[in-house]
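Trainee: Below is a structure I'd like to ask you about.
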Amino acid sequence: MTVLCLVEHDTDGVVDASLRAFTFARSLASEAGSGVEAVMFGEPAAVVGEQLASFGAGRASAIEVPVYAPVAWARALTQLAVARKAIAILAAGTDYGNEVMAHAGALTGLPMAASCFAASMADSPGVWRVTRHRWGGSLIEEAELTGAPALMTVSTDAVPPVPVAGDPGILAVESFTADLQDDDLAVSATESRAESGGVALANANVVVSGGRGVGGPEGFDVLEELAGLLGGAVGVSRVVTSLGWRPHSMQVGQTGTKMAPSLY
């Protein structure tokens, strides 16, 4: 038995939201008396294994899918869950995490609980008591999640990233080959280097945000300059993405990226 946690990473290592999700997954595994395994897609940087080891990963697997294809990621993740006899699959409540886990629910026919910040095993087998954010964090819901494996995403700002004590060393990352169908790769998404560079919005300590009032796409130039000087990221309102001035990945708020900057 194990708890799987989908881990997002970039050239600098594991993203903050995934370290928080992994801390959450570790607590679930501890309660269930099982191990916790990190799951990644693509080729992780060398620092990833060291980071995951410091957060208590007993095992790590990398799945090679050439692009971000949510159905392919979900199918590979569920196949690994069967191979590992996983009792739960978790991911950070990011755009990637929520989309992949929703597809995992569709493929398996299991319910998925999003934006969880607490969970514990119930008395009945295969039942978890979960507490999660609803309506952009304005409501807190307590519910029971039934299904094996349990599918959850973790609220990106409610669980602190806590490494384990001691010197765990460096964790080796194993390869896992998924049995994918052509249709699994029919829908994929890519990012240009310009769009994906800089500070990630979800992890930014400083966010400079703009809406319709900037007047047009060129109005964000000064905001981007200010964000660069402050070492922050630029956020936008929903109307900005609806007008096509900036991509949805830059949107903040209830229907965009959840964040908790020190300065907004």
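The values are calculated or read from the model by the stated rules, or taken from the named source; none is laboratory data. From a predicted model like this one, the values you see are computed outputs, not experimental measurements. As a convention, Cβ positions derive from the backbone with ideal geometry for all residues, glycine included, and neighbour counts pool all protein chains shown. All accessible areas refer to the heavy atoms of the entire protein, side chains included, with ligands and DNA or RNA removed. Shrake-Rupley method; radii C 1.70, N 1.55, O 1.52, S 1.80 Å.
Trainee: What label, among (i) 67, 40, 34; (ii) 52, 40, 33; (iii) 55, 44, 39, belongs to Cα extents along the principal axes in Å computed from the structure on display?
Mentor: Entry (iii).
Trainee: Let me spell out the model: positive unit charges on the Cβ of Lys and Arg, negative unit charges on the Cβ of Asp and Glu, origin at the Cα centre of the chain. What dipole size does that give, in debye rounded to 20?
Mentor: Working: 14 positive and 28 negative charges, 135 e Å.
Computed charge dipole of the chain: roughly 640 debye.
Trainee: With every protein chain kept in the model, how would you rank Ser61, Ser124 by accessible area, 1.4 Å probe, largest at the top? All intermediate terms of the calculation are to be shown ahead of the outcome.
Mentor: Values: Ser61 0, Ser124 65 Å².
So the residues, ranked largest to smallest area, are Ser124, Ser61.
Trainee: Could you state the accessible area per residue of the chain in Å², with a 1.4 Å probe and every protein chain left in place?
Mentor: Numbers: 12850 Å² over 264 residues.
For the chain, the per-residue accessible area is 49 Å².
Trainee: When the accessible area of the chain is computed with all protein chains present and a 1.4 Å probe, what percentage of it is carbon and sulfur?
Mentor: Numbers: 6680 of 12850 Å².
Its accessible area is 52 percent carbon and sulfur atoms.
Trainee: Now for a separate question. If ligands, DNA and RNA are left out, what is the accessible area of Glu218 with a 1.4 Å probe, given in Å² to the nearest 10?
Mentor: For Glu218, the solvent-accessible surface is approximately 120 Å².
Trainee: Pairs of alpha-carbon atoms within less than 8 angstrom and 6+ residues apart define the contacts here; what relative contact order does segment 90-230 have, in percent? Each step should come with its number before you reach the end.
Mentor: Details: 149 pairs, mean separation 27.0, N = 141.
Relative contact order comes out at 19 percent.
Trainee: Next up: Could you state how much accessible area Arg132 has, in square angstrom rounded to the nearest 10, with a 1.4 Å probe and all protein chains kept in place?
Mentor: So the heavy atoms of Arg132 present about 40 Å² to solvent.
Trainee: Could you state the number of Å between the C-alpha centres of segment 215-246 and segment 1-59?
Mentor: 32 Å
Trainee: Shifting gears a bit: Rounded to the nearest 5, what is the percent of antiparallel bridges among the DSSP beta bridges in the chain? Walk me through the intermediate numbers first.
Mentor: Numbers: 16 of 49 bridges.
Restricted to the chain, the bridges split so that about 35 percent are antiparallel.
Trainee: About the Cα centre, and with charges only on the beta carbon of Lys, Arg (+1) and Asp, Glu (-1), how big is the dipole of segment 114-262? Nearest 20 debye, please.
Mentor: Numbers: 8 positive and 17 negative charges, 129 e Å.
It works out to roughly 620 debye.
Trainee: Taking a 1.4 Å probe, which of Leu151, Leu110 shows the most accessible area, and what order do the others take after it? Can you show the working numbers first?
Mentor: Working: Leu151 0, Leu110 40 Å².
Correct descending sequence by accessible area is Leu110, Leu151.
Trainee: Mean separation of Cα pairs under 8 Å and 6+ residues apart, divided by the residue count of the chain: what relative contact order is that in percent?
Mentor: Values: 564 pairs, mean separation 52.8, N = 264.
RCO, the chain: 20 percent.
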